[in-house]
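Take a look at the structure set out below.
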């Protein structure tokens, strides 16, 4: 239904624009341009100096401008609108939050909790593991890494709270 | 020059044959084969993972192991390519064509055997090329001042951009993005902390291993999880891995040609093992008296690309070891590994640390011999590795990645940074951006800034110094030609196509 309405109402020009915005070329151009701008804006406080004695700001700000220029060029020249493949949220959110949770837990509580949290999180992200495999994998992997890293390799990794 | 090579190699062999170094070489090539076999895990992640473990080792021992992972992965990639028609490594894509057809005809063992023997021959030829050409390049590079270094880095980076997949403009932007990201942290010359946003950890800069792990480890795994799991079904029975006399007679010339093509391609900054394999396969098909049979399971179609990717994997080390120029993501990591061990990659390595330089090169002979043995005898083990299901594989890799990142600096903050770069890497995959130029820019950026600053200081701020020094002017001219060709040619081709189309319509 929504599809039909869209086709009927949206003028062709607007539709083309929308398709162009979602293309890999335009989006990467915007991405580069924004990153360049960020380095220019946040680098304003650093002394630029001159070529004879380059200040800390010259290199990153010049790089920022170059990146901004390249990003704009990419947006302008990307005529072929190759659509971005849709994002599948489950693995993205699942893996990233599992990793972030691990980072927050490993120094405060220790590997004994952080390890299983990461493993269960990743299994949820894959959408394939069963309860049984999650338990077995958590126990085995956490135990093995608790033996290898702090004991054998001397990494000062907290295991228990 | 030859004397330098010979005496250097002799000294290097002594280092490579130390029991500890043989052992680490063995561990390196085994792990390399393993990651080569597993689709979805590349040498970049594995080298990053093992880097913290090498901190306690002598630099030469560490580099021997890390190098073994890289060329070991080229061997391992062929196993999946032949048995599953899945390239375990991108460089093995060409091997899937004829290798898997051979397997379907019940000759999987012969294909694996040919892949192993031609990889071995090529590994030896490639390493010999490193031995012969490195001293000459070092002699040239030693006379370089800061201006020449800047020009050389610009050329190397530009070459990397030219050969990256996809649009050269995007690759150039990725490179610059890497360079500016490399400025985060305290500036060496002025002591000013840049772009730290008040976060103490950022004052020390972002560790390149964290970037590599985030983009290649987390990012790739997330993207892998989006696709439905591939059903690992080994094609047919494997049979004897020892190729017949006929196979050898049919393929030895292809192996030699593939080795030479791969060795020359790998030597050029920016071109990697995949480009070598592609060139060798194409050349072999053109030269053959039965090109129509390629793709149906001819032995040459396995021998040539396998020889080329392995020869290229060896000569890839030449630009890094002699000029200090990494030619891709893996070599950028090797450069970073050298710096962690207090060695600045460049011509000084050979003159000041000959035992390290020649020891690493000599270890490649040892490593290739070990790989030949491993691949002929342990194929069945590698096949079993393939059967590990994703729900076990991915949590294991991610846990190892997270702990590995933590152990770099005993910093949980680094894991958070890696998660950010994991998101960045995922965005790159969605936007079809090749991450290798970013990593190269990230590693080379600080060196480029430092050399630029020194060159400008010496020339009193006169930028024309780059054009007045003949070597630097020459290098920059080559870089300019490369940019013009890589940006101009596709545009020209598009116009031609459009013109041809319009004449057709008329």
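Results for (1) away from chain A (no Cβ under 13 Å); (2) touching a residue at least 60 places away in the same chain (Cβ under 8 Å); (3) within 29 Å of residue B:476 (Cβ to Cβ), shown as yes or no for each residue.
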residue: B:120; (1), (2), (3): yes, yes, no
residue: B:125; (1), (2), (3): yes, yes, no
residue: B:137; (1), (2), (3): yes, yes, yes
residue: B:149; (1), (2), (3): yes, yes, yes
residue: B:170; (1), (2), (3): no, yes, yes
residue: B:184; (1), (2), (3): no, no, yes
residue: B:194; (1), (2), (3): no, no, yes
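Just the residues that are at the interface with chain B (Cβ under 7 Å from one of its Cβ atoms) and in a helix (DSSP H, G or I), please, taken from the stretch A:32-47. The answer is A:32, A:35, A:39. Out of B:371, B:393, B:398, B:408, one residue alone is farther than 21 Å from residue B:51 by Cα and at pLDDT below 95. It is B:371. Among the residues making up the stretch A:88-103, a single one is surrounded by fewer than 17 Cβ atoms within 10 Å (Cβ to Cβ) and within 7 Å of another protein chain (Cβ to nearest Cβ): A:88.
Could you grab me the full set of residues in the stretch B:41-59 that are part of a helix (DSSP H, G or I) and within 19 Å of the chain's Cα centre (by Cα)? Scanning the stretch B:41-59 gives B:43, B:44, B:45, B:46, B:47, B:48, B:49, B:50, B:51. Show the residue pairs that are 6+ apart or on different chains and have beta-carbon atoms under 7 Å apart, the first residue being within the stretch A:48-60 and on the phi > 0 side of the Ramachandran plot, the second being modelled with pLDDT of 90 or more and buried (at least 21 other Cβ atoms within 10 Å of the Cβ). Matching pairs, first to second residue: A:49/A:58. Checking each residue in the stretch B:441-466 for being more than 28 Å from residue B:333 (Cα to Cα) and within 32 Å of the chain's Cα centre (by Cα) picks out only B:466. For the stretch B:426-437, the set of residues classified as within 11 Å of chain A (Cβ to nearest Cβ) and either in a helix (DSSP H, G or I) or on the phi > 0 side of the Ramachandran plot (or both) consists of B:426, B:427, B:428, B:429, B:430, B:432, listed by residue number.
The residue that is farthest from the other protein chains (Cβ to nearest Cβ), among those in the stretch A:144-159 that are modelled with pLDDT of 85 or more and in contact with a helix residue (DSSP H, G or I) (Cβ under 9 Å, 6 or more places away or on another chain), is A:146. Looking at the structure I just gave you, is residue A:71 surrounded by 21 or more Cβ atoms within 10 Å (Cβ to Cβ), out of contact with any strand residue (DSSP E or B) (no Cβ under 7 Å at 6 or more places or on another chain) and either facing chain B (nearest Cβ under 9 Å) or closer than 30 Å to residue B:392 by Cα (or both)? Taking the combined requirement at face value, the residue satisfies it.
Only one residue in A:124, A:119, A:109, A:148 is part of a loop (DSSP other than H, G, I, E, B) and either over 30 Å from residue A:37 (Cβ atoms) or touching a strand residue (DSSP E or B) at 6+ places or on another chain (Cβ under 9 Å) (or both). Which one? Exactly one of A:124, A:119, A:109, A:148 is part of a loop (DSSP other than H, G, I, E, B) and either over 30 Å from residue A:37 (Cβ atoms) or touching a strand residue (DSSP E or B) at 6+ places or on another chain (Cβ under 9 Å) (or both), namely A:109. Pull up the stretch A:74-87, narrow it to residues that are surrounded by fewer than 16 Cβ atoms within 10 Å (Cβ to Cβ) and assigned to a helix (DSSP H, G or I), then point me to the one that is modelled with the highest pLDDT. The selected residue is A:76.
Can you find even one residue in the stretch B:202-214 that is surrounded by 18 or more Cβ atoms within 10 Å (Cβ to Cβ), facing chain A (nearest Cβ under 10 Å) and out of contact with any strand residue (DSSP E or B) (no Cβ under 9 Å at 6 or more places or on another chain)? Yes, the stretch B:202-214 has at least one match.
Would you confirm whether any residue within the stretch B:441-459 is closer than 17 Å to residue B:45 by Cβ and either modelled with pLDDT of 90 or more or within 12 Å of another protein chain (Cβ to nearest Cβ) (or both)? Yes: one or more hits.
When the stretch A:117-143 is filtered for residues that are under 23 Å from the mean Cα position of the chain (by Cα) and more than 7 Å from chain B (Cβ to nearest Cβ), the ones remaining, listed by number, are A:117, A:120, A:121, A:124, A:127.
The values are calculated or read from the model by the stated rules, or taken from the named source; none is laboratory data. From a predicted model like this one, the values you see are computed outputs, not experimental measurements. We place every Cβ from the backbone using ideal geometry, glycine too, and count neighbours over all the protein chains shown.
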